[in-house]
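So the structure is just underneath, and the comments pick up after that.
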Amino acid sequence: MSFPWMRSMALAWACLSVGLWAGAQAATLELEGPHGRQQLDGAALARHAQARDIEVPQDVAYHRAMRYRAVPLAVVLQGLGLAPQDTLEVAATDGFVAQLPGALALQQGPGRAQPWLAIEPADAPWPALPGKAQGAGPFYIVWPVATGVNSEQWPFAVARLAVREAPARRWPQIAVAEGLPANDPARRGQAVFIAQCMVCHTMNGGGGATMGPDLNQPMNPVQYLQPQALRRLVRDSAGVRRWPAQAMPAFGPEQLSDAALDDLVAYLRHMAQKR
C-alpha cells in the first residue's frame, strides 16, 4: 500500500491546481514522478472536468455499496511519467504502502477494472470504517469494477503517490533466487507477497511499509509456526493470537485463494534460506 513533485506547468493540470475552498481546508495529495514533485488540492480535484459521482457496489473498506466524488486515477497521473512497466507506490497516513503495477493503475475503459481516486469532501467527512475510529479519507483508490483486483489494491487514507521501479528491482533482497523456474510456486508466491503482504510488511528489510514486522528478520514465520497454524494466521489472525495493536485483517478465500496461499507459504519457506 514520500512524495510531492514539481514540473513544468501544462494545460492538463490547469483545472487541478486552481480554486481553493474559502471554508473548510481541503486535504492535499502529494505526487512524485521523474520530473519532480507537486501537491494537488482535493477541492480542485473534486471540481475537475472529469470528476464524477460514482457508485462502488462492493466497497472493500466499508463492506457495502458506497458513493463517491472521484476522478479517474489515470487523469490524476497525467504528466507524472508513470509507464505500464513502472510501479505506482501509494502511501497512506497509517504506514500502509501499496505497490500497484503501472499497467493496472493506468487502466481505463468501460467494463474494465478502472481505478478512481475518491475525494473526501472537506465539509462532509466519510463515515468511520468498520471497527475503526476514522474514515477512509482524505483520498481512497476505489474500483467500481474490481475484476482481477486484490483486496490490498484498495488503499485508503492515501497521502502520497510516486513512480517507482518494480519492487523486486528496487529491493533485490525480496526476490527469489534467479535460477527458479518461472512457474515455481515460490516465484508465484513472491507476486502474492508484493500484492497482498508488502503493503504492511517488509522482507529482509526491503519495502516501504511500517505497519507490520519484517517477515524474515530476525526469523521467518515458517520457523516458529506449524504449516496449519501459519495458514490459519493468514486466514484469521485473531483466531491464532491477539494483541492490543492488532491490525492484520483476515484473508478469506475470496481475497486469497488456497492456491495463492500455498504459493505464499512456498515463498516464505524459500526466503527463510535467503537472509
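Each reported figure results from applying straightforward, stated rules to the coordinates on display, with no laboratory input. Treat the numbers as computed from the prediction; the structure is a model and nothing was measured. Because the Cβ atoms are built from the backbone with ideal geometry, glycine has one as well, and the counts that use them run over all protein chains shown.
Could you work out, for the chain, what percent of all Cα-Cα pairs fall into each 5 Å distance bin, beginning at 0 Å and stopping at the bin that holds the largest distance?
Using 5 Å bins, I get a P(r) of 1, 5, 12, 17, 18, 16, 13, 9, 5, 3, 1, 0 for the chain.
So for the chain, taking the charge dipole from beta-carbon charges (+1 Lys/Arg, -1 Asp/Glu), which of Q114, H63, A124 sits furthest toward the positive end?
Of Q114, H63, A124, it is H63.
Which value, in debye to the nearest 20, describes the size of the charge dipole of the chain about its Cα centre when Lys and Arg Cβ atoms bear +1, Asp and Glu Cβ atoms bear -1, and nothing else is charged?
On the way: 23 positive and 21 negative charges, 62 e Å.
Dipole size: approximately 300 debye.
So between Q39 and Q228, what do we pick up on full extension, going 0.36 nm a residue minus the alpha carbon distance? Numbers along the way, then the final one.
Details: separation 189, 0.36 × 189 = 68.04 nm, distance 4.65 nm.
Value of the extension gain: 63.4 nm.
I need the trypsin sites (Lys or Arg not before Pro) found in the stretch 91-178, filtered to DSSP loop residues with at most 13 other beta carbons within 10 Å of theirs.
Filter output for the stretch 91-178: R112, K132.
Would you work out the relative contact order for the stretch 168-271, in percent, from Cα pairs under 8 angstrom that are 6 or more residues apart?
35 percent
Rule-of-thumb check for the stretch 168-271: C-alpha Rg over 2.2 N^0.38 Å?
Taking the Cα Rg and dividing by 2.2 N^0.38 Å, one obtains 1.02.
To make sure I understand, if each residue's beta carbon is the centre and we count other beta carbons within 10 Å, what order do D94, D41 fall in, fewest to most?
D94, D41
Quote the relative contact order of the stretch 94-162 in percent (integer), defining contacts as alpha-carbon pairs under 8 Å separated by 6+ residues.
So the answer I get is 32 percent.
Considering only C-alpha atoms, what is the centroid distance from the stretch 94-172 to the stretch 186-251, in Å?
20 Å
For the stretch 22-111, what class follows from the C-alpha gyration tensor (a ≥ b ≥ c being the square roots of its eigenvalues): rounded when a/c is under 1.5, otherwise prolate if a/b is larger than b/c, else oblate?
Rounded.
Tell me, what is the percent relative contact order of the stretch 11-164, built from C-alpha pairs under 8 Å that lie six or more residues apart?
26 percent
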